[in-house]
Amino acid sequence: MFACITGLKCCGGFINLGKLYIQMKIASRFLLPFLILTGYNAFAQRKTTNMQYAVSMENAAAHLYHVELTNTTPGNTLDLKMCAWTPGYYQILDFAGAVQDFTVTDKDGAALKWNKPSKNVWHVYKTKPGAVKVSYNVKAVVPFVGNVYLDETRGYITPGGLFMYLDQELRNPVTIQMMPYSKWNNLVATGLDTIPGKYHTFKADDFDVLYDSPFLMGQLEVLPPFTVQNKPHNFIGYQLPAFDRQAFMDDLKKIVETGSAIIGEIPYTHYTFLSIGAGGGGIEHLNSTSLSFSGGEGFNSPEARKKLYNFIAHEYFHHYNVKRIRPIELGPFDYSKENHTNMLWVSEGFTVYYEYLITRRAGLMTAEDMFGDFQANMQNYENKPGHLYQSATQASYDTWGDGPNGRVNDEFNKTISYYDKGPVLGLMLDFNIRHATQNKKSLDDVMRLLYYKYYKQLKRGFTEQEFRNECEKMAGTPMPELFEYASTVKPPDYPKYFAYGGLNVDTATTVVSNAWAGLNLRMQRDTLRITAVEYQSPAWNINLRGRYSILSVDGAPATLTTFNKIMEGKKEGDSIKLGLLKAGVKQDVTITLAKKREKSFKISPITAPDALQAAIYKSWVGK
Ligand SMILES: [Zn+2]
């Protein structure tokens, strides 16, 4: 995830996208246009399903979804499985741990035996042919875009967290009947098709489609929709704060118009932004995205608004990059374990690159704002030690570890984020292609080619080698140095590549602090605590690690104000004495302070560009 939680998959089966289904007992004026929509009806032409789910939620106060599965898969045994992860969020999750009250009966209602050979698997012994009924509850207490949540005001379902699967049914159709909590207005928002004439009943051509289609229900608000290329776009949210709805949707329309113009074709029939409430992160889907949306805060300052638009542009552009333009490893998925790829620096990193370009080209931020975004990415990457250890391809592959993007504790010092290095690699690749082709081709052309060739024609993802080949073919020249920057820790020659696009980047090292200890501190209640020790800082070099409480600073009772005041009077070579406490043990340490040096990576247009630089800059930065 990111500000985004990213993700995901897609294959030929995904072409038959569902349309947004909204049904209300009380029609709102905004909803009327959708009530007459009918989904693409490929499902009815295919074989009937062996997997029919019904979901109820009358125990919303206890955060319990009730799931009933009617299963007609042949065989003497069934191995029902809960997903170990959900596409878009590359972490192992404990969905199985939320399952309660599992029971299974035969067609006559007699209980069947079952056991659990492993954490995620329910092994059922059938005694006679015919349908079985599986019943279970799911405790839904995590209000997060990659999980399931339920209370008396809303229900949000990441389908991988609710619906068990059978290996032999993964590529077969499935139906879901959704019965919203009776106190709600009966609205169900999802990207799945409906089955006409059946109450809140949805269909998916296979489990990849189902697991890509979240559900949002409850006390929701529908913002005024818009169309782009005659495709309806909706924004449906829970507890949306006060802001100008129409102005926001007008801006959102600009984001969709600008983002879709990069590829040219809009592949879905309908798109919905599902705003699940305050929080962090978003997950992309083929014709929807789930967002944690704190709109009120997002509109209170230009900087916050720009961040919000970047975030939304990111999740939106993912419906191309990662959902359809994708590495071959990212679909069809194995839901039982990690699905590794070396290419999240493209799938995520280039999506960050395009979020900036989309927001800029849509007129929602200035060129200087965009330069600041790239600058922040370069500082995050270059001024931390992980860039000495881990390449962008390794970071992509290793993202499945514990913690955010697989990084915990001191691993932050040995790892990088592809959300930082990826967009800068995207910029350098784009500028290289533009430079090599006299600005006749760009990264946009590569993305279009990948979309049409691999997604539409070949109906598959691309390998690393194919991606590189297509980039180099578009540029008309090999680009070994750039791809080495992705697969190794070789220091990038930023000035050379930025200059192709008429930009300066300041790589001079400057002193940013004359007295540096390397401690990140925070007051928690009345205690000053060390939250992190910077790598190879003076504090690091005396083997300070982990979370200490600071009791005293140069003999004075420790507060953040005291610490900062004392540090203000110090310079390189001076020392500071700290009284520390960890796990009940007191310890005094003395840290000899040093100067802290960093590069600013400030970006600015070249003052006297040549004709090609000027042309590239102008076509890249937008009006
Ligand atoms: Zn993302």
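The values are calculated or read from the model by the stated rules, or taken from the named source; none is laboratory data. Predicted model only: the values in this text are computed from it and were never measured. Cβ atoms come from the backbone with ideal geometry, glycine included; neighbour counts cover every protein chain shown.
Here are the numbers for this structure:
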read-out: Looking only at segment 332-355, and only at residues there that are in contact with a Pro (Cβ under 7 Å, 6 or more places away or on another chain) and more than 15 Å from Leu429 (Cα to Cα), the one that is modelled with the highest pLDDT; value: Thr341
read-out: Residues satisfying the stated conditions in segment 292-327, i.e. of a type outside the set (Lys, Arg), within 30 Å of Thr463 (Cα to Cα) and more than 10 Å from the ligand (Cβ to nearest atom); value: Asn310, Ile312, Ala313, Tyr316, His319, Tyr320, Ile325, Pro327
read-out: Number of the condition not met by Lys113 [criteria: (1) under 24 Å from Thr201 (Cβ atoms); (2) at pLDDT 95 or above]; value: (1)
read-out: Residue in segment 231-245 that is within 16 Å of the ligand (Cβ to nearest atom), of a type in the set (Phe, Trp, Tyr) and under 25 Å from Tyr89 (Cβ atoms) present; value: no
read-out: Contacts under 9 angstrom Cβ, first residue in segment 578-607 being over 30 Å from Gln379 (Cα atoms), partner assigned to a strand (DSSP E or B) and acidic (Asp, Glu), 6 or more apart; value: Gly579/Asp588; Leu580/Asp588
read-out: Residues (part of a loop (DSSP other than H, G, I, E, B), of a type in the set (Phe, Trp, Tyr) and buried (at least 23 other Cβ atoms within 10 Å of the Cβ)) located in segment 331-346; value: Phe333
read-out: Unmet criterion (only one of (1) touching a strand residue (DSSP E or B) at 6+ places or on another chain (Cβ under 9 Å); (2) at pLDDT below 95) for Glu464; value: (2)
read-out: Exclusive hit being surrounded by fewer than 24 Cβ atoms within 10 Å (Cβ to Cβ) and either more than 16 Å from the chain's Cα centre (by Cα) or assigned by TED's automatic domain parsing to the domain that holds Pro214 (or both), set Ser301, Ser290; value: Ser301
read-out: Any chance Glu284 is within 16 Å of the ligand (Cβ to nearest atom), touching a His at 6+ places or on another chain (Cβ under 7 Å), under 24 Å from Met428 (Cβ atoms) and outside the structural domain of Tyr451 (by TED's automatic domain parsing); value: no
read-out: Residue check, Ala98 within 19 Å of Tyr53 (Cβ to Cβ), small (Gly, Ala, Ser) and surrounded by 15 or more Cβ atoms within 10 Å (Cβ to Cβ); value: yes
read-out: Options Val141, Val132; residue that is β-branched (Val, Ile, Thr), more than 22 Å from Leu216 (Cα to Cα) and at pLDDT 95 or above; value: Val132
read-out: Every residue from segment 468-493 that is under 20 Å from Tyr354 (Cβ atoms) and over 22 Å from the mean Cα position of the chain (by Cα); value: Arg468, Glu470, Cys471, Met474, Ala475, Met479, Leu482, Phe483, Tyr485, Pro492
read-out: Scan of segment 248-270 for residues that are of a type in the set (A, V, I, L, M) and within 16 Å of Phe293 (Cα to Cα), ordered by number; value: Met249, Leu252
read-out: Residue tally, condition over 23 Å from Val322 (Cβ atoms) and part of a loop (DSSP other than H, G, I, E, B), over segment 375-396; value: 3
read-out: Which numbered condition Ile236 fails, given (1) touching a helix residue (DSSP H, G or I) at 6+ places or on another chain (Cβ under 9 Å); (2) closer than 19 Å to Glu315 by Cβ; value: (1)
read-out: Any chance Ile266 is away from the ligand (no atom under 14 Å from the Cβ) and surrounded by 24 or more Cβ atoms within 10 Å (Cβ to Cβ); value: no
read-out: Total residues in segment 347-364, condition more than 10 Å from the ligand (Cβ to nearest atom) and part of a loop (DSSP other than H, G, I, E, B); value: 3
read-out: Test: residue in segment 264-273 that is assigned to a helix (DSSP H, G or I) and under 19 Å from Ala189 (Cα atoms); value: no
read-out: Strands (runs of 3 or more DSSP E) wholly inside segment 168-230 that include at least 3 residues being in contact (Cβ under 8 Å) with a residue 60 or more places away in the chain and either in contact with a strand residue (DSSP E or B) (Cβ under 6 Å, 6 or more places away or on another chain) or more than 19 Å from Met82 (Cα to Cα) (or both); value: 174-179, 188-190, 201-204, 215-218
read-out: Segments classed as strands (runs of 3 or more DSSP E), wholly inside segment 89-166, with at least 2 members that are charged (D, E, K, R); value: 132-139
read-out: Flag if Thr194 is β-branched (Val, Ile, Thr), buried (at least 16 other Cβ atoms within 10 Å of the Cβ) and either closer than 20 Å to Pro143 by Cα or outside the structural domain of Ser288 (by TED's automatic domain parsing) (or both); value: no
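Rundown of residues vs (1) surrounded by 13 or more Cβ atoms within 10 Å (Cβ to Cβ); (2) assigned to a strand (DSSP E or B); (3) free of Cβ contacts under 8 Å to residues at least 60 places away in the same chain; (4) more than 32 Å from the chain's Cα centre (by Cα), yes/no style:
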{"site": "Asn504", "(1), (2), (3), (4)": "yes, yes, no, no"}
{"site": "Thr507", "(1), (2), (3), (4)": "yes, no, no, no"}
{"site": "Val512", "(1), (2), (3), (4)": "yes, yes, no, yes"}
{"site": "Leu528", "(1), (2), (3), (4)": "yes, yes, yes, yes"}
{"site": "Thr531", "(1), (2), (3), (4)": "no, yes, yes, no"}
{"site": "Trp540", "(1), (2), (3), (4)": "yes, no, yes, yes"}
{"site": "Leu544", "(1), (2), (3), (4)": "yes, no, yes, yes"}
{"site": "Leu551", "(1), (2), (3), (4)": "yes, yes, yes, yes"}
